[in-house]
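Reading through the C-alpha cells given below for one structure.
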Amino acid sequence: MAEPSDRDDWPGAERIAPGAPAAAPAAEPEAAPEPARPEPAPGAGAAPLAPPEVAPEPEAPPEPEAQPEAQPEPVAPLEHAGGGVFQVPDGYTTLEGEPFGRRRSVGVVVARFNRDITKAMLETALDALASAGVQKDAITIVPVPGAFELPLAAMALAKTRRYACIVALGCVIRGETSHFDFVAGEAASGLQLAAIETGVPVSFGVLTCETREQAEARIERAAEAARTALEMADVFAQLRAVAATR
C-alpha cells in the first residue's frame, strides 16, 4: 500500500486513484459580459461648440435734423416807375397841378362788373377825394354795367361842364377768350377820347389784370386815379387863369 504523500494534506487537493486518468483542469468561469455603455449622444463629452459669431448690424446713421423750410423771399411786383420829385430847370414858366379838391366838383363813373373789386375801388377813391378836400355833395357817382360802358358815361358827364374832372373806375380780368383784349382796349381809348373831345380831365382807373389776386393787390390804384384827376383839374385851372391875363 502506498504511503500517503504529504501533498494529500494540501487543502483542496484531490486524491487521484493510481492508474486513473488525470482529470482535465476545470475551466475558468467565463467573465460576465460588461454591460453595454450607452453611446454618447453626438457631441456629448466633447467640449461645447461656441456659437458662431454674428457680425453686429451696422448702426443706422443718425437722421439729419429737420431744417426749417426756407421761406421764399417776396418778389416785388413789377410796377411803373414812381413819380418821385420831378424838377423843372429854373427860368421857365411852369404850370404844375396839385391834388387839391376845394371848391371842385368831381364825377365818378364806376363799372359794376367784378363788383367785389370795383366796390372796394370806389370806396378807396372816395376816401382819397375826401382827403384832398372834395366835399361829399360835390361828388356825383354813375355806376355802369361794365368797363366797356365807362367812356360813354364819362363823356356824358364831361359835356355837362359841371365837373372839374372825371374819375373812371373798373376792373377787367383776363379769361379764356380774347374778350379781355377788346374790352380793355376800347375802355382805354374811349376814356381818352372823352377827355380829348371835351377838354375835361378823365383819369384812367381801370385795372387790367391776369388774375383776381392781381386785381385785389391793386385796389389802391383807385386812389391814384382820384389824385391824378384832381391834379389835372388844377393844371387846367391854372392854364385858364394864365390865358385870361395875357
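Values in this text are rule-based calculations from the coordinates and carry no lab data. Bear in mind that the values here come from a model prediction, so they are computed numbers and not experimental data. Cβ coordinates were reconstructed from backbone atoms using ideal geometry, including for glycine residues, and neighbour counts include every protein chain displayed.
Select from the stretch 220-242 the residues that are crowded, with 19+ Cβ neighbours inside 10 Å and either small (Gly, Ala, Ser) or not in a helix (DSSP H, G or I) (or both) and list them in ascending order. Once the filter is applied, which keeps residues that are crowded, with 19+ Cβ neighbours inside 10 Å and either small (Gly, Ala, Ser) or not in a helix (DSSP H, G or I) (or both), the stretch 220-242 yields Ala222, Ala223, Ala225, Ala226, Ala229, Ala233.
The rows are residues; the columns are (1) in contact with a Leu (Cβ under 9 Å, 6 or more places away or on another chain); (2) aromatic (Phe, Trp, Tyr); (3) without any contact (Cβ under 8 Å) to a residue 60 or more places away in the chain; (4) assigned to a helix (DSSP H, G or I).
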site: Pro143; (1), (2), (3), (4): yes, no, yes, no
site: Ile166; (1), (2), (3), (4): yes, no, no, no
site: Leu169; (1), (2), (3), (4): yes, no, no, no
site: Thr177; (1), (2), (3), (4): no, no, yes, no
site: Phe182; (1), (2), (3), (4): no, yes, yes, yes
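Within the stretch 129-152, can you find the residues that are surrounded by 22 or more Cβ atoms within 10 Å (Cβ to Cβ) and either more than 34 Å from the chain's Cα centre (by Cα) or among the aromatic types (Phe, Trp, Tyr) (or both)? Passing the criteria: Leu129, Val134, Leu150, Pro151.
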